[in-house]
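See below for the structure under consideration.
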Amino acid sequence: MKNLCFLVVTCCAQLVFGQHSIVYLSNQSGNFDLFMKDAKGGPTQQLTSNPGWDWAPAWNASLQAILYNSSDTANQFTIRAMDLEGKDSPIDTKGLEEFILSPSGSYALYTLKDNQNRYIGIMDVKTGANRLLVDHPSYNGRAKWSPNEQYFSFISDRDGNGELYTYQLATGILTRLTQSEKREKYTSWLPNSADIVYTYHYSDERDQEHNDLFRLNIFTKEKKQITDDLAFYQEIAVSPDGKQIAFHAKRMGEDHIYTIDIDGKNERQVTNAKAYHGEPCWVPRQARK
């Protein structure tokens, strides 16, 4: 695996993929572990069984691995990677607590905290050289790489509430994309690296608090509302083909993973165990040898 140093410590069963699969956290095993299911349903595969908690799964194409956070029973925190053979290894993050690896594996975004402020920097994975990119004294977080690695998006409250911004790597140009009364929170890029799906939390004309899904083009600023109901959509992730959105939601008092078409139609429940489910990420269908 290029650019990152791995130390193999465990070996699990080979990962079994169907169509595009969804990895998520759940406490159905008794503590928070990672699980995987085909997006259309079928059996559940438990991926981790580490002591402590595992969370925040993210697929990285360059490593062909699922990256995730792990904290053991002594609160020792590591960022780990599980490859397609189920080999699970810690990643050398150069001491960074947040390590958002780029699609090519060449760079990682990280955040620094200062009281209530949070700043975003970038590190060259090979050399370890790093520098701050977003240093405005405010909250700047939830950074997400564009698939083409030319931009990253983030949420900042520098103007009073959480708004969506992008940063262009080549030019250093920072662009505010939303002008909202309340806040944007969860985001996910489409494969075209031009559109972002995000959640917007607000009160409607019925004075009902909820959030909905929106799609915005970073170049034209054209915005489309995907959902319009009294439900909540959290921890969203656009599928590798750009046709669906996976999300975590509480329905009828239970937290599950759902998918919905990119146009807001055909909501489907993916998980069904009597447990908490959250933080979905997509893993593309893989050709097995």
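The values are calculated or read from the model by the stated rules, or taken from the named source; none is laboratory data. Nothing here was measured: the structure is a model prediction, and the numbers come from that model. Cβ coordinates were reconstructed from backbone atoms using ideal geometry, including for glycine residues, and neighbour counts include every protein chain displayed.
Assorted remarks:
- Members of region 21-64 that are surrounded by fewer than 15 Cβ atoms within 10 Å (Cβ to Cβ) and under 13 Å from Gly86 (Cα atoms): Gln46, Ser49
- Tallying residues that are part of a strand (DSSP E or B) and loosely packed, with under 15 Cβ neighbours inside 10 Å within region 67-77 yields 1.
- The lone criterion from (1) farther than 23 Å from Gln234 by Cβ; (2) surrounded by 21 or more Cβ atoms within 10 Å (Cβ to Cβ); (3) in contact with a Pro (Cβ under 9 Å, 6 or more places away or on another chain) left unmet by Asn192 is number (2).
So that you can scan it fast, the table gives a plain yes or no per residue for (1) in contact with an Asp or Glu (Cβ under 9 Å, 6 or more places away or on another chain); (2) modelled with pLDDT under 95:
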{"site": "Asn161", "(1), (2)": "yes, yes"}
{"site": "Gln168", "(1), (2)": "no, no"}
{"site": "Ile173", "(1), (2)": "no, no"}
{"site": "Ser188", "(1), (2)": "no, no"}
{"site": "Arg215", "(1), (2)": "yes, no"}
{"site": "Lys221", "(1), (2)": "no, no"}
{"site": "Ser239", "(1), (2)": "no, no"}
{"site": "Ala246", "(1), (2)": "yes, no"}
{"site": "Gly264", "(1), (2)": "yes, no"}
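- Residue ID - farthest from Ala194 (Cα to Cα), chosen from residues in region 151-167 that are outside any strand (DSSP E or B) and of a type in the set (Gly, Ala, Ser): Gly160
- Here the strands (runs of 3 or more DSSP E) wholly within region 207-256 that include at least 3 residues being more than 19 Å from Gly278 (Cβ to Cβ) are 209-217, 223-225.
- For region 6-18, the count of residues that are surrounded by 15 or more Cβ atoms within 10 Å (Cβ to Cβ), within 24 Å of Met123 (Cβ to Cβ) and at pLDDT 95 or above is zero.
- Condition met for Phe247 (touching a strand residue (DSSP E or B) at 6+ places or on another chain (Cβ under 6 Å), farther than 22 Å from Ser21 by Cα and surrounded by 12 or more Cβ atoms within 10 Å (Cβ to Cβ)): no
- Region 165-182, subset of a type in the set (Ser, Thr, Tyr) and touching a strand residue (DSSP E or B) at 6+ places or on another chain (Cβ under 7 Å), residue farthest from His136 (Cα to Cα): Ser180
- Output for region 209-231, where each listed residue is surrounded by 17 or more Cβ atoms within 10 Å (Cβ to Cβ) and either touching a His at 6+ places or on another chain (Cβ under 8 Å) or among the acidic types (Asp, Glu) (or both): His210, Asn211, Asp212
- Failed criterion for Glu85 (all others in (1) within 18 Å of Trp282 (Cβ to Cβ); (2) surrounded by fewer than 16 Cβ atoms within 10 Å (Cβ to Cβ); (3) touching a Cys at 6+ places or on another chain (Cβ under 9 Å); (4) not hydroxyl-bearing (Ser, Thr, Tyr) hold): (1)
- Residues that are without any contact (Cβ under 8 Å) to a residue 40 or more places away in the chain and not in a loop (DSSP other than H, G, I, E, B), drawn from region 168-178: Gln168, Arg176
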